[in-house]
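Here's the structure we're looking at; comments come further down.
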Amino acid sequence: MFSLMQSATVYGVEGKEIAVEVDIASGLPQIAVVGLPDPAVRESVERVRAAIKNSGFTFPMERITVNLAPADLRKEGTAFDLAIAAGILAASGQLNAAPFHNTMMLGELSLNGSIRPVTGVLAMIEQAKKSGISRVLLPLANAPEAAWIAGMELFGITHLMDLRPQDSEGLEAIRYIPAQQNGSKSYSGLLGENKPMLASGYGDYSDVIGQQLAKRALVIAAAGRHNVLFSGPPGTGKTMMIRRLPSILPPLSEQEAIEVTKIYSAAGKLSTDNQGLIAAAPFRAPHHTISAGGLVGGGSVPKPGEVTLAHHGVLYLDELPEFSRQTLEVLRQPLEDGIVTIARSRAVFHFPARMILAVSFNPCPCGFSGHETLDKRCTCTDALIARYKSKLSGPLLDRIDIQLEVPQPIDLGSSITDNSRNSLSSEAMRRQVETARERQKARYAKLKITTDISLSGAALHRAMLIRQDAAELLGHALQTLHISMRAHDRIMRLSRTVADVEGSSYIEVEHVAEAIQYRRLSL
């Protein structure tokens, strides 16, 4: 007897439809799984065998062959368990296969037959929709995540025994879960509930004493999604300010939230909650011991790295020179193209990586070079400082739009006293960012981009409504400061963002001057 069930796997961050073919023939009792399964898939044999027996079904004592097609694609994960079990039951005549036509089956089986949630559900259901599959049978615990894909019929189960009623009543006997878009809670409603929580957990910029120029730079970085670098001695608040950057970022749009949630689901990092989508911009701060593969992704079947996990959010590298140079250099392509490309012998994987890169570091290993006081003297030799800064390659720094030295507050006592009156709060800074983003969104509506950093080529020059004196200043800077053409274009984008923050339709000379100032950090 033969049966065919539909399942899926995650390949990178995208779903891949997998056909689960089961054949039962006369012969010695054994079961073989073919089609390049990994150990987790091969071990599903024992899980399926125990689950079928403990759910009141009979496991066939014949020769069983399970093929996962296409056979040349490596399969991994536990999402095939439910489809394999249903295929065996249908091939042995214990279940009617007709109700499962055009239905994708996802779920991991426990030994007692209960259905456990799996990772990557959002990507797999999205692929099911593209393939023309209209119904999905999945663990009930994955339903909040899955329900955000519109136009799909979702049926949630908690135990293998839930498949029994379909013989007489069809899938309608299994609990049906409506999509969120057609239910009572829309994304905008969810966002309204969660909006006060978006800035929590990171602190507020009103806690930062002074540093008005650094806060201004962070507003511009957040408004245009520009990369930012802070340098300065210890204790100036570099880390404190960058860690508060998510508090001024606008909430993700629905499409952005689906993209980010799909990435976290594929990586197995999606927290279990009742809402299903990640509404806040992600913030990732890996330790400096991270490998190049951990940063951009890797593995035999590559998984997303920190760069991709920070998609539509912030990737923070604290103490940048402590990272290995080899690790830092892999950031060049993602920063330029907004995508990570990983090639393997059987396939090429593409991971999205449009994020704000935020970095900070001290001027030398001890931290006080150029910032010495009577109590704190620099103890580093010139050779040590040169070796410390050698990790920062020119091409990498060329991709960072805002480079700012953060000094110690001049009068700390008066700053503390006046802090409550003079310090910008995260809420006030976020309003500036949201206003600038709205201007950009309206301006680039026909180009289908949302921020200045996405502009390139002819579109960049068409979007630049620049005054004559501002254009002359930019041209003069190109010749006298010996900046690269990449830096020239980045200064143009940065000038456009400064103008948006100021509410100006045209790029004025002061906007260009401020953008050039951010590129003149002396290292």
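Describe numerically, in nm with one decimal, the distance between label points set 7 Å from Cα along Cα→Cβ at Gln517 and at Lys448.
About 3.9 nm separates the two model spin labels.
Put +1 on the Cβ of every Lys and Arg and -1 on every Asp and Glu Cβ in segment 190-425; which of Ser291, Ala310, Ala383 then has its Cα farthest towards the positive end of the dipole?
Ser291
I'd like to know which of Gln212, Ala347, Ala279 lies farthest towards the positive end of the charge dipole of segment 190-425, counting +1 on Cβ of Lys and Arg and -1 on Cβ of Asp and Glu.
Result: Ala347.
Do any of Lys262/Lys441; Lys391/Lys448; Lys53/Lys75; Lys75/Lys391 go past 31 Å between their Cα atoms, and which?
Check vs 31 Å cut-off fails for Lys391/Lys448; Lys75/Lys391.
At a Förster radius of 51 Å, what calculated FRET efficiency corresponds to the Cβ-Cβ distance of Asn112 and Leu460, to the nearest 0.05?
0.25
In deg cm²/dmol and to the nearest 500, what is the mean residue ellipticity at 222 nm of the chain if only DSSP H runs of at least 4 residues count, each as -39500 (n - 2.57), divided by the residue total?
-10500 deg cm²/dmol
Step through the table entries Lys16/Lys303; Lys16/Lys446; Lys129/Lys303, compare each Cα-Cα distance with 21 Å, and write down the pairs that go over it.
Lys16/Lys446; Lys129/Lys303
Using a Förster distance of 35 angstrom, determine the FRET efficiency expected from the C-beta separation of Ala32 and Ile290, and round it to 0.05.
Computed FRET efficiency for Ala32 and Ile290: 0.30.
Going toward the positive end of the dipole of the chain, with +1 on Lys and Arg Cβ and -1 on Asp and Glu Cβ, which of Val359, Pro334, Val512 do you reach last?
The one lying farthest along the dipole's positive direction is Val512.
Values in this text are rule-based calculations from the coordinates and carry no lab data. Bear in mind that the values here come from a model prediction, so they are computed numbers and not experimental data. Cβ coordinates were reconstructed from backbone atoms using ideal geometry, including for glycine residues, and neighbour counts include every protein chain displayed.
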